[in-house]
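*Asks:* Dropping a structure here in structure tokens format, bear with me for questions.
The values are calculated or read from the model by the stated rules, or taken from the named source; none is laboratory data. Note that the structure is predicted; figures quoted are calculated from it, not measured. When we count neighbours, we look across all protein chains shown, and the Cβ atoms used for this are built from the backbone with ideal geometry, even at glycine. Note: accessible area is taken over every heavy atom of the protein model, side chains too, but ligands, DNA and RNA are not part of it. Shrake-Rupley method; radii C 1.70, N 1.55, O 1.52, S 1.80 Å.
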Amino acid sequence: TEDLKTAMKAGEKRRVETIRMVMAALKERDIEARTSGKPVGDEDVLALLQKLVKSRQESADIYEKAGRDDLAAQEREEAAIISAYLPKQLDEAATAAAIEAAIAETGAASMKDMGKVVASLKAKYTGQMDFAKASAAVKAALSS
């Protein structure tokens, strides 16, 4: 809310629109949770924010392929604004180290153990890594 007020005072139109959209999505998620009787936790908020960022990135890619660079730039700008509210993402070296540690910790030896490794990573690094890329890296590490 404070960021929204600051953006409004600064006249940052895109930031205001994006923050309002995020707040609306969070409110909608909260209403859904109340009807189901399950409270919204930090994991739910992180998942929602990650979903919003991923959606913006996919849209930007589609717009670029269609030759609409103006709309692609807008989507990437919104993704950057939303990403500011997510935990800092691990870089490639830190992700590789986390995967190695998870493999060692779970005692994974084959592809059958991939689920254990990914579950361990999700428990420790939710919101800090792209699990699609991490799953591919785990698969590569276990298959070699």
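*Asks:* Restricting to region 81-95, and then to whatever is out of contact with any Asp or Glu (no Cβ under 8 Å at 6 or more places or on another chain) and within 27 Å of ALA24 (Cα to Cα), can you tell me which residue is most open to solvent (accessible area, probe 1.4 Å)? Lay out the reasoning, then the answer.
*Replies:* Start the filter on region 81-95 by keeping residues that are out of contact with any Asp or Glu (no Cβ under 8 Å at 6 or more places or on another chain), which leaves 81-88, 90-95.
After this cut, where a residue has to be within 27 Å of ALA24 (Cα to Cα) as well, the list is 81-88.
Numbers: ILE81: 16, ILE82: 1, SER83: 46, ALA84: 72, TYR85: 90, LEU86: 26, PRO87: 47, LYS88: 173 Å².
The residue in question is LYS88.
*Asks:* Suppose the filter is farther than 29 Å from GLU12 by Cβ, among the β-branched types (Val, Ile, Thr) and touching a residue at least 60 places away in the same chain (Cβ under 8 Å); does THR126 pass it?
*Replies:* On the way: farther than 29 Å from GLU12 by Cβ: yes; among the β-branched types (Val, Ile, Thr): yes; touching a residue at least 60 places away in the same chain (Cβ under 8 Å): yes.
Criteria met by THR126.
Residue-by-condition table, conditions (1) more than 28 Å from ALA137 (Cα to Cα); (2) touching a Cys at 6+ places or on another chain (Cβ under 8 Å); (3) surrounded by 14 or more Cβ atoms within 10 Å (Cβ to Cβ); (4) not hydroxyl-bearing (Ser, Thr, Tyr):
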{"site": "GLU28", "(1), (2), (3), (4)": "yes, no, no, yes"}
{"site": "GLY37", "(1), (2), (3), (4)": "yes, no, no, yes"}
{"site": "ALA60", "(1), (2), (3), (4)": "no, no, yes, yes"}
{"site": "ALA109", "(1), (2), (3), (4)": "no, no, no, yes"}
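*Asks:* Specify which of the listed residues (ALA33, ALA10, ALA60) is touching a Lys or Arg at 6+ places or on another chain (Cβ under 8 Å) and either under 30 Å from ALA123 (Cβ atoms) or of a type in the set (A, V, I, L, M) (or both). Give the steps one after another, and end with the answer.
*Replies:* On the way: ALA33 fails: touching a Lys or Arg at 6+ places or on another chain (Cβ under 8 Å); ALA10 fails: touching a Lys or Arg at 6+ places or on another chain (Cβ under 8 Å).
When all the criteria are applied, what remains is ALA60.
*Asks:* In this structure, is GLU17 part of a helix (DSSP H, G or I), within 16 Å of ALA80 (Cα to Cα), of a type outside the set (A, V, I, L, M, F, W, C) and open to solvent by 60 Å² or more (accessible area, probe 1.4 Å)? Write out each step before concluding.
*Replies:* Values: part of a helix (DSSP H, G or I): yes; within 16 Å of ALA80 (Cα to Cα): yes; of a type outside the set (A, V, I, L, M, F, W, C): yes; open to solvent by 60 Å² or more (accessible area, probe 1.4 Å): yes.
Yes; evaluated as a whole, the condition is true for this residue.
*Asks:* In this structure, is GLU105 in a helix (DSSP H, G or I), open to solvent by 60 Å² or more (accessible area, probe 1.4 Å) and touching a residue at least 60 places away in the same chain (Cβ under 8 Å)? Show your work before the answer.
*Replies:* Working: in a helix (DSSP H, G or I): yes; open to solvent by 60 Å² or more (accessible area, probe 1.4 Å): yes; touching a residue at least 60 places away in the same chain (Cβ under 8 Å): no.
Spelling it out, it is not the case that GLU105 is in a helix (DSSP H, G or I), open to solvent by 60 Å² or more (accessible area, probe 1.4 Å) and touching a residue at least 60 places away in the same chain (Cβ under 8 Å).
*Asks:* Okay, moving on. Could you say which residue among ALA140, ALA136 is closer than 24 Å to SER83 by Cβ, of a type in the set (Gly, Ala, Ser) and under 23 Å from the mean Cα position of the chain (by Cα)? Steps first, please.
*Replies:* Details: ALA140 fails: closer than 24 Å to SER83 by Cβ.
Step by step, each of ALA140, ALA136 is checked, and only ALA136 is closer than 24 Å to SER83 by Cβ, of a type in the set (Gly, Ala, Ser) and under 23 Å from the mean Cα position of the chain (by Cα).
*Asks:* Consider LYS88 carefully, then state whether it is more than 9 Å from the chain's Cα centre (by Cα) and either under 15 Å from ARG15 (Cβ atoms) or without any contact (Cβ under 8 Å) to a residue 60 or more places away in the chain (or both).
*Replies:* On the way: more than 9 Å from the chain's Cα centre (by Cα): yes; either under 15 Å from ARG15 (Cβ atoms) or without any contact (Cβ under 8 Å) to a residue 60 or more places away in the chain (or both): yes.
The answer is yes for LYS88.
One line per residue, one yes/no per condition, for (1) open to solvent by less than 60 Å² (accessible area, probe 1.4 Å); (2) in contact (Cβ under 8 Å) with a residue 40 or more places away in the chain; (3) out of contact with any Phe, Trp or Tyr (no Cβ under 8 Å at 6 or more places or on another chain):
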{"residue": "LEU4", "(1), (2), (3)": "yes, no, yes"}
{"residue": "GLU12", "(1), (2), (3)": "no, no, yes"}
{"residue": "ARG34", "(1), (2), (3)": "no, no, yes"}
{"residue": "VAL45", "(1), (2), (3)": "yes, no, yes"}
{"residue": "LYS51", "(1), (2), (3)": "no, no, yes"}
{"residue": "ALA72", "(1), (2), (3)": "yes, no, no"}
{"residue": "GLU75", "(1), (2), (3)": "yes, no, no"}
{"residue": "ALA79", "(1), (2), (3)": "yes, no, yes"}
